[in-house]
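The values are calculated or read from the model by the stated rules, or taken from the named source; none is laboratory data. It should be emphasised that the depicted structure is a prediction, and the values quoted were computed from it without experimental measurement. Virtual Cβ from ideal backbone geometry, glycine too; neighbours counted across all protein chains shown. All accessible areas refer to the heavy atoms of the entire protein, side chains included, with ligands and DNA or RNA removed. Shrake-Rupley method; radii C 1.70, N 1.55, O 1.52, S 1.80 Å.
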Amino acid sequence: MPRLPSPNRIKTHYVYTVWEAAQALGRNRQTIIRWIKDKGLVADRGKVPWLIKGRDLKQFLGYRRAKSKTKLALHHLFCFGCKTPQEPDGKFAEYTQATPTTGMLKALCPSCASIMNKVVRRADLEAIRAKIEVAVQQANPRLVSLPAPPLNDTSAKEAQTDGKAHFR
């Protein structure tokens, strides 16, 4: 599914044709026509080409964007399969720390059994544990903190040869 077009690409005081609106938003002309016919985008359909006020188009896109946002409860995760916020199956989740302050919460969706992920702050972990059971797993130390980097420094050799390569 493509990302929602940004309302910031539209000029409020400009009047767009269907073609111009499609180009400004990176959409197909038929998508804009479908928005006008089915989704409620206001346009002047009395003349050809149909004209859309920038203010109306910007308001329409802002409404669609606000409608698509979902506010999750702290212990809920969003399931992309079901397209709804869900409480984990069996009220159980795993937490893996990614940085010193955040980590990844993983759980199974009770409806479709797919894996749900959510980035949470370490400080919120106790509040989440009050609602669901959370198993804290240790992150792979190699991924969290790297040991001393390997030394592949060739500058000492170049200094001895004055930076010139000698072939024999």
Exercise. What residue, among those in segment 52-74 that are within 25 Å of V120 (Cβ to Cβ) and in contact (Cβ under 8 Å) with a residue 60 or more places away in the chain, is surrounded by the fewest Cβ atoms within 10 Å (Cβ to Cβ)?
Worked result: S68
Exercise. Do we find that K91 is open to solvent by 60 Å² or more (accessible area, probe 1.4 Å) and among the charged types (D, E, K, R) in this structure?
Worked result: yes
Exercise. Is there any pair linking a residue in segment 29-40 that is part of a loop (DSSP other than H, G, I, E, B) to one that is modelled with pLDDT under 95 and buried (at least 16 other Cβ atoms within 10 Å of the Cβ), with Cβ under 8 Å and at least six apart or on different chains, and which?
Worked result: G40/F60
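How about segment 75-88: which of its residues are loosely packed, with under 15 Cβ neighbours inside 10 Å and either among the aliphatic types (A, V, I, L, M) or not in a loop (DSSP other than H, G, I, E, B) (or both)?
Within segment 75-88, the first condition is being loosely packed, with under 15 Cβ neighbours inside 10 Å, and the residues that meet it are 80-84.
Within segment 75-88, just T84 meets the criteria.
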Exercise. Does segment 34-51 contain any residue that is within 19 Å of V119 (Cα to Cα), surrounded by 13 or more Cβ atoms within 10 Å (Cβ to Cβ), touching a strand residue (DSSP E or B) at 6+ places or on another chain (Cβ under 7 Å) and not acidic (D, E)?
Worked result: no
Problem set entry | Wholly enclosed helices (runs of 4 or more DSSP H) of segment 97-168 bearing at least 2 residues open to solvent by 70 Å² or more (accessible area, probe 1.4 Å) and at pLDDT below 85 | 141-144, 155-160
